[in-house]
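A.B. asks: Mind having a look at this structure? Questions to follow.
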Amino acid sequence: MTATDTHCPYCALQCGMTLTPGIPVVKLEPREFPVNKGGLCAKGFTAADLLDHRDRLLTPLVRKTPGDRTSPLREATWDEALGLIADAIVTSQETYGRDSVGAFGGGGLTNEKAYALGKFVRVALRSASIDYNGRFCMSSAATAANRALGVDRGLPFPLEDVAEARTVLLVGANPADAMPPSMQYLDTGRAAGAKHIVVDPRRTATANGAHLHLQPLPGTDLALANGMLHIAIREGYVDEAYIAERTTGFEAVKAATNAYWPERVERMTGVPETKIRETVRLLATNGPAMILTARGAEQHSNGTDTAQAWLNLALALGLVGKPYSGYGTITGQGNGQGGREHGQKADQLPGYRKLDDPAARAHVAAVWGIDPDELPKPGLSAYEMLDRLGTDGGVRVLMVLASNIAVSAPHSNRVLERLRALDFLVVSDIFRSETAELADVVLPTAQWAEEEGTMTNLEGRVLRRKRALPPPPDVKTDLEVLTELAERLGRGKFFSSDPRAVFEELRRASAGGIADYSGITYERIENEDGVFWPCPSEDHPGTPRLFADGFPIGRARFIKVDHRDPAEMPDKHFPYVLTTGRNMQQYQSGNQTRRVKALAVALPEPRAEIHPDLARRHGIADGDLVELRTRRGAAVLRARLSDGIRLDTVFAPFHWPGANALTNPALDPHSRMPAFKACAVAIRTFEEGTD
């Protein structure tokens with residue numbers, strides 16, 4: 001059988017691998033690719049196990065009793081399923097208006113599908129109601145980068161540059177568990193004498209290998225960053241020439257940091273002053289140096305300002321735009337970068353254009369062959385849209401592609417309530433996820449190895465996802481479904497189900513935008529191991545490294561930001577801080593990885609990480625069932641005792657139902673990111689809770 005070079009379906013590394021169809025199984029092998037260099041993690045090695053999994057959806061499903069979601073799902077034809085969807089769309093829009101029908105996308109969709117979904121909502125549905133799960137992932141870092149640098153590309157340099165940095169500050173990132181193949185670059189740097197500092201309330205696998213580990217109270221990263229900038233200014237570490245030549249707004253930021261003297265920051269964060277000073281000294285004198293943030297710093301109600309605070313520090317030290325140096329943020333989902341560039345966000349058009357920009361509307365409308373006035377205005381962000389499902393003025397008919405919001409959304413009990421209140425729910429997936437179990441219609445979709453398309457990894461490198469085998473006989477791709485639905489709605493002439501044709505249109509729609517793909521072709525991607533955007537013409541080499549020659553906005557912007565407490569603080573009823581995150585063996589909501597036998601054996605259930613002293617206080621032993629309770633709900637997890645976590649903090653993984661029943665949906669005012677990383681929690685033994 002023919003071997004096909006493609007990429008892993010999981011995280012934003014998009015590691016290279018080779019698939020060879022066989023009988024009875026598909027053979028999966030890692031391959032040499034600039035990102036993973038022949039390495040894969042446990043999730044990547046087992047990715048092919050899902051291609052013929054017994055739980056695979058192989059036919060459309062509809063409710064036995066239409067309109068009654070308590071009735072069982074039964075098999076249906078595509079004609080019946082699509083007919084039901086089209087009828088529900090037309091009925092809702094005639095009754096409640098166009099915006100009553102919407103879509104929720106995912107950061108795992110290919111660029112072509114993300115682009116087509118955004119276009120489908122705005123052209124076929126003519127609705128403003130669309131957002132995606134990347135709003136829960138990258139939005140704060142993206143907002144901060146756009147306002148400070150004029151462009152959001154997670155890493156503005158290739159991952160391999162990390163190996164050349166002499167000092168790397170990782171804030172709220174645990175790549176050893178979340179992205180194991182990336183650790184080779186940190187390991188290479190460390191072997192050559194680099195110093196790594198990890199900021200995390202837990203002593204993670206990444207922190208174990210670091211020169212310094214700073215353990216702040218969750219929600220205090222902004223104060224820590226401002227405290228470091230205070231020290232840099234006071235001790236003469238700032239790059240005055242760089243600030244004068246390449247930035248604006250520094251004086252206001254400088255004045256604001258007067259309030260963040262080291263002793264105060266130590267009290268606010270719990271990080272010893274000596275470690276704060278040592279971190280600043282290394283960043284300033286042991287160059288080249290990088291500051292890399294991730295969700296631990298960003299998934300807060302002040303996540304945008306927190307990312308901005310670390311950007312301010314990087315700019316003040318003159319790091320951004322210099323070789324093997326700078327600021328970056330680590331994208332999580334497989335196409336988290338490309339997924340936020342081409343129109344699935346409520347306020348966006350392809351090429352990272354803004355939907356409320358008249359010039360952007362005119363350009364994209366011309367490519368799509370419609371009048372700009374036909375385009376809707378920006379809609380609501382992800383949680384705001386979900387919170388209004390089934391209400392007057394809210395979405396009544398929802399399509400969900402590549403997302404399991406019943407598990408992954410914050411305050412998930414509220415989201416479950418709103419999903420049940422919908423008039424009609426459609427879910428496209430490869431398995432019957434927790435969200436699919438609530439649907440009126442479930443559509444089986446092609447998996448990663450059964451489709452063509454492109455992905456954009458955490459470096460801004462556009463890659464080819466190639467089809468290694470056909471999907472099962474009665475399974476369609478999402479592009480085919482969107483095109484057929486558009487036909488039924490009388491808008492089929494605007495759509496194509498051919499990925500290459502969609503990408504060619506995406507190239508034209510993105511031309512001249514921040515994320516310009518117009519010079520990228522399938523052939524170039526194949527020949528060059530991916531092409532970095534922006535790439536405005538076919539003779540342009542692509543842009544592996546941004547900012548060496550300046551910023552899209554002329555000068556980078558310092559923006560004054562001040563610490564504010566998390567939206568919810570501990571009190572006598574909820575005395576500790578809950579933070580959430582990933583485990584190595586699982587991915588996102590676990591809809592895929594929880595079905596892989598090898599991964600389930602390695603980590604069969606979620607575990608709440610608790611400090612032994614805190615556990616003793618509550619009579620909890622390692623392995624006991626414990627109840628975590630917040631103002632929104634309760635979850636029962638098995639305890640894992642660890643002296644590597646703060647005494648006042650509890651960690652819970654979000655790959656299973658439960659953790660997000662607890663999290664706080666308080667939104668960042670700029671990015672509309674929910675506060676996943678800090679809320680008040682109480683703990684007790686489960687036996688105590690059931691007496």
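The values are calculated or read from the model by the stated rules, or taken from the named source; none is laboratory data. Here the structure is a predicted model, which means the values were calculated and not measured. So basically every Cβ, Gly included, is an ideal-geometry build from the backbone, and we count neighbours across all protein chains shown. Calculation scope for accessible area: heavy atoms of the full protein, side chains included, ligands and nucleic acids excluded. Shrake-Rupley method; radii C 1.70, N 1.55, O 1.52, S 1.80 Å.
A.B. asks: Considering the stretch 660-681 alone, what residues qualify as being out of contact with any helix residue (DSSP H, G or I) (no Cβ under 7 Å at 6 or more places or on another chain), within 12 Å of P566 (Cα to Cα) and surrounded by fewer than 23 Cβ atoms within 10 Å (Cβ to Cβ)?
C.D. replies: Across the stretch 660-681, the qualifying residues are A666, A680.
A.B. asks: For residues that are open to solvent by 40 Å² or more (accessible area, probe 1.4 Å) and under 13 Å from G460 (Cα atoms), tally how many sit in the stretch 509-543.
C.D. replies: Adding up the residues that qualify gives 2.
A.B. asks: Restricting attention to the stretch 441-450, and to residues there that are of a type outside the set (V, I, T) and open to solvent by less than 10 Å² (accessible area, probe 1.4 Å), which single residue is farthest from I85 (Cα to Cα)?
C.D. replies: Across the stretch 441-450, the extreme among qualifying residues is A449.
A.B. asks: Out of A86, A144, report the one residue that is part of a helix (DSSP H, G or I) and within 22 Å of the chain's Cα centre (by Cα).
C.D. replies: A144
A.B. asks: Under 8 Å between Cβ atoms, at least 6 apart or on separate chains: pull out the pairs that start in the stretch 200-216 with a residue that is free of Cβ contacts under 8 Å to residues at least 40 places away in the same chain and end on any residue that is among the small types (G, A, S) and assigned to a loop (DSSP other than H, G, I, E, B).
C.D. replies: Final answer for the pair search is T206/A173.
A.B. asks: Additional query: I'd like the full set of residues that are at pLDDT 95 or above and in contact with a Ser or Thr (Cβ under 6 Å, 6 or more places away or on another chain), limited to the stretch 598-618.
C.D. replies: Once the filter is applied, which keeps residues that are at pLDDT 95 or above and in contact with a Ser or Thr (Cβ under 6 Å, 6 or more places away or on another chain), the stretch 598-618 yields only E609.
A.B. asks: Look at the stretch 407-440 and say how many of its residues are under 17 Å from F654 (Cα atoms) and either open to solvent by less than 10 Å² (accessible area, probe 1.4 Å) or of a type in the set (S, T, Y) (or both).
C.D. replies: Selection size over the stretch 407-440: 8.
A.B. asks: Sort out which residues of the stretch 1-25 are open to solvent by less than 30 Å² (accessible area, probe 1.4 Å) and part of a loop (DSSP other than H, G, I, E, B), and write them in order of number.
C.D. replies: Across the stretch 1-25, the qualifying residues are C8, P9, Y10, C11, A12, L13, Q14, C15, P21.
A.B. asks: Right, next: Condition first: closer than 22 Å to A346 by Cβ and either open to solvent by 10 Å² or more (accessible area, probe 1.4 Å) or basic (K, R) (or both). Can you find one or more residues in the stretch 77-93 that meet it?
C.D. replies: Yes, because at least one residue in the stretch 77-93 is closer than 22 Å to A346 by Cβ and either open to solvent by 10 Å² or more (accessible area, probe 1.4 Å) or basic (K, R) (or both).
A.B. asks: Restricting to the stretch 583-603, what's the tally of residues that are open to solvent by 50 Å² or more (accessible area, probe 1.4 Å), out of contact with any Asp or Glu (no Cβ under 8 Å at 6 or more places or on another chain), among the hydrophobic types (A, V, I, L, M, F, W, C) and in contact (Cβ under 8 Å) with a residue 24 or more places away in the chain?
C.D. replies: Count: 1.
A.B. asks: Of the numbered conditions (1) in a loop (DSSP other than H, G, I, E, B); (2) touching a Pro at 6+ places or on another chain (Cβ under 6 Å), L637 satisfies every one except a single condition; which is it?
C.D. replies: L637 satisfies all of (1) in a loop (DSSP other than H, G, I, E, B); (2) touching a Pro at 6+ places or on another chain (Cβ under 6 Å) except (1).
A.B. asks: Working carefully through the options T456, T477, find the one that is over 21 Å from L51 (Cβ atoms), of a type in the set (S, T, Y) and touching a residue at least 24 places away in the same chain (Cβ under 8 Å).
C.D. replies: Result of the check over T456, T477: T456.
A.B. asks: Would you be able to tell me the number of residues in the stretch 625-659 that are closer than 23 Å to M584 by Cα, among the β-branched types (V, I, T) and buried (at least 18 other Cβ atoms within 10 Å of the Cβ)?
C.D. replies: Total satisfying the criteria: 4.
A.B. asks: How do the pairs read when you match residues in the stretch 12-25 that are under 22 Å from P472 (Cβ atoms) with residues anywhere that are of a type in the set (S, T, N, Q) and modelled with pLDDT under 95, using Cβ under 9 Å and keeping only pairs 6 or more apart or on different chains?
C.D. replies: T20/T2; P21/T2
A.B. asks: How many residues are crowded, with 24+ Cβ neighbours inside 10 Å and part of a loop (DSSP other than H, G, I, E, B) if we restrict to the stretch 104-126?
C.D. replies: So the answer is 6.
A.B. asks: Restricting attention to the stretch 453-483, which residues are small (G, A, S) and touching a Pro at 6+ places or on another chain (Cβ under 6 Å)?
C.D. replies: G453
A.B. asks: Can I ask one more? What do you reckon, is D68 open to solvent by 10 Å² or more (accessible area, probe 1.4 Å), in contact with a Phe, Trp or Tyr (Cβ under 6 Å, 6 or more places away or on another chain) and of a type in the set (D, E, K, R)?
C.D. replies: Considered against the rule, which asks whether it is open to solvent by 10 Å² or more (accessible area, probe 1.4 Å), in contact with a Phe, Trp or Tyr (Cβ under 6 Å, 6 or more places away or on another chain) and of a type in the set (D, E, K, R), D68 comes out as no.
A.B. asks: Still on this structure, I have one more. Sort out which residues of the stretch 368-389 are open to solvent by 60 Å² or more (accessible area, probe 1.4 Å) and in a helix (DSSP H, G or I), and write them in order of number.
C.D. replies: D373, E374 - these are the residues of the stretch 368-389 that are open to solvent by 60 Å² or more (accessible area, probe 1.4 Å) and in a helix (DSSP H, G or I).
A.B. asks: Now for a separate question. Within the stretch 284-295, can one find any residue that is in a helix (DSSP H, G or I), crowded, with 24+ Cβ neighbours inside 10 Å and within 18 Å of the chain's Cα centre (by Cα)?
C.D. replies: Yes, there is a match, as at least one residue in the stretch 284-295 is in a helix (DSSP H, G or I), crowded, with 24+ Cβ neighbours inside 10 Å and within 18 Å of the chain's Cα centre (by Cα).
A.B. asks: Could you list all residues from the stretch 559-582 that are surrounded by 15 or more Cβ atoms within 10 Å (Cβ to Cβ) and under 25 Å from the mean Cα position of the chain (by Cα)?
C.D. replies: Result: I559, V561, H563, P566, A567, E568, V577, L578, T579, T580, G581, R582.
A.B. asks: Which residues, taken from the stretch 421-437, are among the β-branched types (V, I, T) and either in a loop (DSSP other than H, G, I, E, B) or more than 22 Å from the chain's Cα centre (by Cα) (or both)?
C.D. replies: If the condition is that a residue be among the β-branched types (V, I, T) and either in a loop (DSSP other than H, G, I, E, B) or more than 22 Å from the chain's Cα centre (by Cα) (or both), then V426, I430, T435 are the ones that fit.
A.B. asks: So, one more: On the given criteria, is V320 in contact with a His (Cβ under 8 Å, 6 or more places away or on another chain), of a type in the set (A, V, I, L, M) and crowded, with 24+ Cβ neighbours inside 10 Å?
C.D. replies: For V320, the condition - in contact with a His (Cβ under 8 Å, 6 or more places away or on another chain), of a type in the set (A, V, I, L, M) and crowded, with 24+ Cβ neighbours inside 10 Å - is not met.
A.B. asks: For the stretch 556-569, check the following and say yes or no: at least one residue is closer than 28 Å to V35 by Cα and in contact (Cβ under 8 Å) with a residue 60 or more places away in the chain.
C.D. replies: no
A.B. asks: Quickly run through the stretch 1-42 and pick out the residues that are of a type in the set (G, A, S) and in contact with a Leu (Cβ under 9 Å, 6 or more places away or on another chain).
C.D. replies: A3, A12, G16, A42
A.B. asks: For the stretch 604-634, give me each residue that is without any contact (Cβ under 8 Å) to a residue 60 or more places away in the chain, assigned to a loop (DSSP other than H, G, I, E, B) and within 22 Å of F676 (Cα to Cα).
C.D. replies: Those that are without any contact (Cβ under 8 Å) to a residue 60 or more places away in the chain, assigned to a loop (DSSP other than H, G, I, E, B) and within 22 Å of F676 (Cα to Cα): E605, P606, H611.
A.B. asks: All but one of (1) over 28 Å from F431 (Cα atoms); (2) in contact with a Ser or Thr (Cβ under 8 Å, 6 or more places away or on another chain); (3) open to solvent by 10 Å² or more (accessible area, probe 1.4 Å) hold for N133, so report the exception by its number.
C.D. replies: (1)
A.B. asks: Moving on. Here is a check on your reading of the model: is S497 among the hydroxyl-bearing types (S, T, Y) and more than 30 Å from T304 (Cα to Cα)?
C.D. replies: yes
A.B. asks: Pick from A314, A359, A402: which is open to solvent by 10 Å² or more (accessible area, probe 1.4 Å) and free of Cβ contacts under 8 Å to residues at least 60 places away in the same chain?
C.D. replies: A359
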